[in-house]
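Below: one structure, written as structure tokens.
The values are calculated or read from the model by the stated rules, or taken from the named source; none is laboratory data. Predicted model, so just to flag it, every value in this text is computed and none were measured. Methodologically, a virtual Cβ is constructed for each residue, glycine included, from the backbone with ideal geometry; neighbour enumeration extends over all protein chains shown.
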Amino acid sequence: MINPKMEAAINKQINEELYSAYLYASMGNYFEGMNLGGFAHWMRLQTDEELAHARKFRDYVYERGGKVVLSEIKAPQSEWKSPLAAFEAAYKHECHISDCINKLVTLAEKESDHASKVFLAWFVEEQVEEEAHADGIVQRMKLAQGAPGALLMMDRELGARGVS
Ligand code: OFO
């Protein structure tokens, strides 16, 4: 049976994951509007990944005999001042999500909820990747600043992202 405090905390995390999906969908729309189809494609796959994260939490709650109650998802920003600003916001958001996951691990430790701690280990690792991917793109976009050709090359490269 799931620990009630963990059940409530994971319910909140499901909302965070759905918001992540919503945010990246919004960023994808922003890039689409700029005719940067590769960046938009990357954001579309990122949206799918976030939905998979929400589902993974959802499945765990039910596997442990708990219940999921979905709550309102806040509206994401729809405009950024530049493609770089959008990816900087994505990186910042991933750091926030890492913080949320770390708090869940701390709760699992406090409650001696070993099953949840083991389950959360996957997300701890995933966040290392999530932060590294977003930050890697930010750093390369900074190098590409002022060189539209380099941005278009990145657009082509991000357009080749496959499902991981
Ligand atoms: Fe982007 O890792 Fe979930 O939210």
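Given the residues SER82, SER112, SER116, which is the only one that is of a type in the set (Ser, Thr, Tyr), without any contact (Cβ under 8 Å) to a residue 12 or more places away in the chain and surrounded by 11 or more Cβ atoms within 10 Å (Cβ to Cβ)?
Values: SER112 fails: surrounded by 11 or more Cβ atoms within 10 Å (Cβ to Cβ); SER116 fails: without any contact (Cβ under 8 Å) to a residue 12 or more places away in the chain.
From the options SER82, SER112, SER116, the qualifying one is SER82.
Are any residues in the range 105-117 in a helix (DSSP H, G or I) and touching a Lys or Arg at 6+ places or on another chain (Cβ under 9 Å), and if so, which ones?
Listed by number, the residues that qualify are VAL105, LEU107, ALA108, GLU109, LYS110, ALA115, SER116.
Would you confirm whether any residue within the range 71-79 is in contact with a Ser or Thr (Cβ under 7 Å, 6 or more places away or on another chain) and in contact (Cβ under 8 Å) with a residue 60 or more places away in the chain?
Step one: list which residues in the range 71-79 are in contact with a Ser or Thr (Cβ under 7 Å, 6 or more places away or on another chain), which gives 76-78.
Filter once more, so that each one left must be in contact (Cβ under 8 Å) with a residue 60 or more places away in the chain: none.
Scanning the range 71-79, I find no residue that is in contact with a Ser or Thr (Cβ under 7 Å, 6 or more places away or on another chain) and in contact (Cβ under 8 Å) with a residue 60 or more places away in the chain, so the answer is no.
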Check on ALA75, surrounded by fewer than 20 Cβ atoms within 10 Å (Cβ to Cβ), modelled with pLDDT of 95 or more and farther than 25 Å from LEU158 by Cα: yes
Among the candidates TYR24, TYR19, single out the residue that is in contact with a helix residue (DSSP H, G or I) (Cβ under 8 Å, 6 or more places away or on another chain), near the ligand (Cβ under 9 Å from one of its atoms) and touching a residue at least 40 places away in the same chain (Cβ under 8 Å). TYR24
Is it the case that the range 119-142 has a residue that's modelled with pLDDT of 95 or more, among the aromatic types (Phe, Trp, Tyr), more than 17 Å from ALA40 (Cα to Cα) and buried (at least 16 other Cβ atoms within 10 Å of the Cβ)? yes
Among the residues of the range 143-164, write down those that are surrounded by 10 or more Cβ atoms within 10 Å (Cβ to Cβ) and in a loop (DSSP other than H, G, I, E, B). GLN145, ALA147, GLY159, ARG161
Residue under evaluation LEU51, criteria (1) within 30 Å of LYS5 (Cα to Cα); (2) surrounded by 14 or more Cβ atoms within 10 Å (Cβ to Cβ); (3) more than 11 Å from the ligand (Cβ to nearest atom), criterion not met: (3)
Looking only at the range 122-132, decide whether some residue is under 15 Å from the mean Cα position of the chain (by Cα), assigned to a loop (DSSP other than H, G, I, E, B) and farther than 14 Å from ILE10 by Cβ. no
Sole exception among (1) in contact (Cβ under 8 Å) with a residue 24 or more places away in the chain; (2) surrounded by 17 or more Cβ atoms within 10 Å (Cβ to Cβ) for GLY65, by number: (2)
Report, by residue number, each residue of the range 129-139 that is among the hydrophobic types (A, V, I, L, M, F, W, C) and either within 11 Å of the ligand (Cβ to nearest atom) or farther than 12 Å from GLU94 by Cα (or both). ALA134, ILE137, VAL138
Enumeration of residues in the range 27-48 that are within 11 Å of the ligand (Cβ to nearest atom) and either farther than 25 Å from ARG161 by Cα or surrounded by 20 or more Cβ atoms within 10 Å (Cβ to Cβ) (or both): GLN46
